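The values are calculated or read from the model by the stated rules, or taken from the named source; none is laboratory data. Predicted model only: the values in this text are computed from it and were never measured. Using ideal geometry, Cβ is built from the backbone for each residue, glycine included, and neighbour counts are taken over all protein chains shown. To get the accessible areas, we keep the full protein, side chains included, count just its heavy atoms, and leave off ligands, DNA and RNA. Shrake-Rupley method; radii C 1.70, N 1.55, O 1.52, S 1.80 Å.
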Amino acid sequence: MRRLLLAALLIVCMSSCACAEIMEFRYFSLDVPEGWTVSEEGSMITVTAWDKSGSLSITADDPGGKSIAELAEEYAQRLNGTVPEQDEDGGYTFEFNNGVSQAVIDGDEDLYVLIIGTGIERNGEVLGEILESLEMK
């Protein structure tokens, strides 16, 4: 019994150590799961699964005088996506890559945030945890 308890405690400790690393970026911080990679290109941060089966890209930037609706339309066209639909919070959502990738964009006159999730079917839980850890500065 004692060995079983020690083994269970060891598993819990090992799994809690492998959870995430908090990373700081210009406009936000984010927990990145162990084994996932992070790349930064301009105002876009991409977190990718170790096996490349999923990713989350977050762009935070100045809207340059454009409305969120205008930005949503531009991004949807650039990505060959569906027509953006406004959600109840005033942001916009659209899909691309035959529904494999989903995007949401929201913000105000000072800052917009575009979040794109890919591989949601396989990595939805982890992607959700990453999003829940997102803290704007």
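At-a-glance table
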quantity: Magnitude of the charge dipole, the chain, Cβ model with Lys/Arg +1 and Asp/Glu -1, debye to 20; calculated: 940 debye
quantity: Mean separation of Cα contacts under 8 Å (6+ apart) over length of the chain, as relative contact order %; calculated: 23 percent
quantity: Accessible surface, 1.4 Å probe, highest first, among residues Trp36, Trp50; calculated: Trp50, Trp36
quantity: In degrees, nearest ten, helix 68-78 long axis to first principal axis of the chain (Cα); calculated: 80 degrees
quantity: Area accessible to solvent at Asp89, 1.4 Å probe radius, in Å²; calculated: 120 Å²
quantity: Full-extension gain in nm, Ser53 to Ala69, via 0.36 nm per residue minus C-alpha separation; calculated: 2.8 nm
quantity: For P(r) over Cα pairs in 5 Å bins from 0, in percent, calculated from these coordinates, the label among (i) 2, 10, 13, 13, 12, 12, 13, 10, 8, 4, 1, 0; (ii) 2, 10, 15, 16, 16, 13, 10, 7, 5, 3, 2, 1, 0, 0; (iii) 2, 9, 17, 19, 18, 13, 7, 4, 3, 3, 2, 1, 0, 0; calculated: (iii)
quantity: Farthest positive-ward along the chain dipole, Cα basis, beta-carbon charges - from Trp50, Phe28, Gly64; calculated: Trp50
quantity: Glu95 - accessible surface, heavy atoms, 1.4 Å probe, Å² rounded to 10; calculated: 80 Å²
